[in-house]
Amino acid sequence: MIRECELAGLPKPIYFYDMSGFFVEFRKDIYNVEYLSGLGLNERQINAVLFAKEKGKISNKEFQEINSISKRTATNELTELVNKYQILIKSGTHGAGISYKPIGQ
């Protein structure tokens, strides 16, 4: 099921159970404030993900501008979104050509 969701560009399903049975929750869009906050993203990272969702991508420079932060902070937080949270994917080779896109979009 996980592979099929990924192939369809959907978020991974959530599996859970309680006393009444086993459940699978399929989600259409994980890119919302409630879900992102629950993952532990800070407000700047949430803004970045929502910006990328709306525009299709975000650059380091755009991240700096919408959050009024330094390049170093932007780089660190975007790297977290790619490596730790696996919400964005990095595209481009280097410098100004690098952008970050939401996974599954």
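The values are calculated or read from the model by the stated rules, or taken from the named source; none is laboratory data. Since this is a predicted model, take the numbers as computed values, not measurements. Positions of Cβ are backbone-derived with ideal geometry, glycine not excepted, and every protein chain shown enters the neighbour counts.
The residues on offer are Val49, Val82, Val24, and the sole one that is touching a strand residue (DSSP E or B) at 6+ places or on another chain (Cβ under 7 Å), surrounded by fewer than 17 Cβ atoms within 10 Å (Cβ to Cβ), among the β-branched types (Val, Ile, Thr) and in a helix (DSSP H, G or I) is Val82.
In the list Asn76, Asn42, which residue meets the criterion of being at pLDDT 95 or above, exposed (fewer than 15 other Cβ atoms within 10 Å of the Cβ) and under 23 Å from Lys12 (Cα atoms)?
Working: Asn76 fails: under 23 Å from Lys12 (Cα atoms).
Just one listed residue meets the conditions, Asn42.
Number of residues in the range 85-98 that are more than 14 Å from the chain's Cα centre (by Cα) and either without any contact (Cβ under 8 Å) to a residue 24 or more places away in the chain or loosely packed, with under 11 Cβ neighbours inside 10 Å (or both) equals 6. Among the residues of the range 2-21, those that are surrounded by 14 or more Cβ atoms within 10 Å (Cβ to Cβ) and outside any helix (DSSP H, G or I) comprise Leu10, Pro11, Lys12, Pro13.
Within the range 2-17, can you find the residues that are acidic (Asp, Glu) and within 21 Å of Leu36 (Cα to Cα)? Can you show your working first?
Filtering the range 2-17 for residues acidic (Asp, Glu) gives 4, 6.
The one that is acidic (Asp, Glu) and within 21 Å of Leu36 (Cα to Cα): Glu6.
With respect to (1) within 17 Å of Ile103 (Cβ to Cβ); (2) modelled with pLDDT of 85 or more; (3) not assigned by TED's automatic domain parsing to the domain that holds Ile98, the lone exception for Ile14 is condition (2). If you go through the range 1-37 and keep only what is over 24 Å from Ala52 (Cα atoms) and among the small types (Gly, Ala, Ser), you end up with Ser20, Gly21. With respect to (1) part of a helix (DSSP H, G or I); (2) outside the structural domain of Tyr100 (by TED's automatic domain parsing), the lone exception for Phe63 is condition (2).
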